[in-house]
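Step one of this worksheet: look at the structure below.
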């Protein structure tokens, strides 16, 4: 399904019937990455899932966006489809950071929050982001006389050498820089709604320590650590994640 939100053609899906549950995907992903969870939850709830701007079938923002912009967008999307207060918001990775920011500021509202391998603990990234920028500049200068194809390969190599996710969505490099330096731990400390955090113990992108910090910041929250699961914990261990989420939603 498609709708215009903030002048952007927006792609979204609905599954099932009942109280609404909103799914927000992570960086470089789309509704497809959360579809198995959406289908599982649709047996009891009306699941809403949208492609965030710049990903999947939704248009790219006209300028570099930060977490605030994405949170505003999700708020306007829910208003547009007349689902302003879902039963729950489920956010994976960067989708979790967007949900925390939006709910802490009062732009998004829900009865419950589920954070799957949520990002948002950014302080540890400072040195890495500086390295990304320096290496990118160096790579650009060194590649200047080379053909475009060679430039792209070299740029990808220098970014990947510091473990950057920037090239997952190369058209959103400036947005990536804004998002990856925006920490939501202070926002998390203002949340009071029931919150479930689920992390995989093999996650190298948003490790368990990130989840523990958010868990500590969110009063009354609950955290589940799933052995053997990586960053896409809902894909690595779908049955366990689905059970945790269903039990939490009641």
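Among the candidates 170, 224, the residue that is under 18 Å from the mean Cα position of the chain (by Cα) and either surrounded by fewer than 16 Cβ atoms within 10 Å (Cβ to Cβ) or in a strand (DSSP E or B) (or both) is uniquely 170. Within segment 189-202, the set of residues being surrounded by 17 or more Cβ atoms within 10 Å (Cβ to Cβ) and either more than 26 Å from residue 238 (Cα to Cα) or at pLDDT below 95 (or both) comprises just one member, 191.
The values are calculated or read from the model by the stated rules, or taken from the named source; none is laboratory data. Computed from a predicted structure; not experimentally measured. Don't worry about glycine lacking a Cβ; one is built from the backbone with ideal geometry, like all the others, and counts go over all protein chains shown.
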